[in-house]
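The values are calculated or read from the model by the stated rules, or taken from the named source; none is laboratory data. This one's a predicted model, so the numbers in the text were calculated from it and none came from an experiment. Backbone-built Cβ (ideal geometry, glycine too); neighbour counts: all protein chains shown. For accessibility, only protein heavy atoms count, side chains too; no ligands or nucleic acids. Shrake-Rupley method; radii C 1.70, N 1.55, O 1.52, S 1.80 Å.
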Amino acid sequence: YRKYVLPILQRPVAGLYLEKENPADWELLEALGKFFRIGDSQEWELEIMENLCAVWRCLWKRMNQVKEENTLSLARRRQEYRVRKMLEYIHDNFGRNISVEDMADAVHVSKSECFRSFQNIVCKAPTDYLIQYRLTQASRMLVETDMSIAEIGIKAGFQSSSYFGKIFRERKGITPGRYRKLYG
C-alpha cells in the first residue's frame with residue numbers, strides 16, 4: 001500500500017490523458033480493455049481482481065513517466081487547468097452545436113489561447129478532440145441503444161446524418177450500421 005497505492009493517490013498530477021496512438025499508453029489501455037472481455041465464466045471475480053492489479057501496475061508505471069505538477073511551470077499548470085475546464089465543457093455539451101469560441105469562452109481565454117493550450121496539453125486541436133469525443137459517444141450509443149443511426153448522429157452533435165456517416169467511416173474505417181452489427 002505504501003509503495004504502490006499511496007504514491008498514486010497523493011501524486012499532484014493534474015491528469016493523465018491516454019491515447020491509443022501513444023505507445024506509452026498501450027499497456028494501460030490494453031489492461032483496461034480486458035475488462036470488456038471478461039465473460040460469464042465461473043471465475044469472473046478472479047479475472048476482475050487480476051485485471052485490477054494489472055491496471056494498477058500499468059497506472060503506477062505510467063504515472064511515474066509523467067512529470068509531477070510541482071515541477072511544472074506556472075504557465076503549464078495554467079494551461080492544464082484551462083484544458084481540464086474546456087474538456088469538462090466539451091463532455092457536458094458535446095451534443096450541442098459548440099465551437100472553439102464557445103470552448104474558449106468557457107474558460108475566458110482567446111480562441112488562439114484555446115488552440116495553443118489544447119495543442120500543448122492534449123497534442124491535438126480542440127476541434128479534433130471534439131469530433132473524437134462525439135464519435136466515442138456515438139459508438140457507445142450504437143451499441144447500447146436502439147435509436148436510429150440518424151438520431152444518434154444528431155444526439156452526438158453532428159449536424160446531419162450524412163456528415164455523421166462520413167466522419168464515422170473516415171475515422172473508424174467502418175459505417176455506423178456495420179459497427180452496430182459487429183458490436184451491438
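Some notes on this structure:
- Filter result for Gly173 (at positive phi and surrounded by fewer than 19 Cβ atoms within 10 Å (Cβ to Cβ)): yes
- Number of the exception - Gly39 against (1) over 20 Å from the mean Cα position of the chain (by Cα); (2) surrounded by 11 or more Cβ atoms within 10 Å (Cβ to Cβ): (2)
- Wholly enclosed helices (runs of 4 or more DSSP H) of segment 54-126 bearing at least 1 residues open to solvent by 70 Å² or more (accessible area, probe 1.4 Å) and closer than 27 Å to Leu32 by Cβ: 74-93, 111-122
- Restricting attention to segment 1-20, the residues that are out of contact with any Lys or Arg (no Cβ under 9 Å at 6 or more places or on another chain), at pLDDT below 80, outside any helix (DSSP H, G or I) and open to solvent by 60 Å² or more (accessible area, probe 1.4 Å) total 4.
- Among the residues of segment 152-164, just one is more than 20 Å from the chain's Cα centre (by Cα) and either open to solvent by less than 10 Å² (accessible area, probe 1.4 Å) or aromatic (Phe, Trp, Tyr) (or both), namely Tyr163.
- Residue in segment 110-125 that is in contact with a Lys or Arg (Cβ under 6 Å, 6 or more places away or on another chain) and modelled with pLDDT of 95 or more present: no
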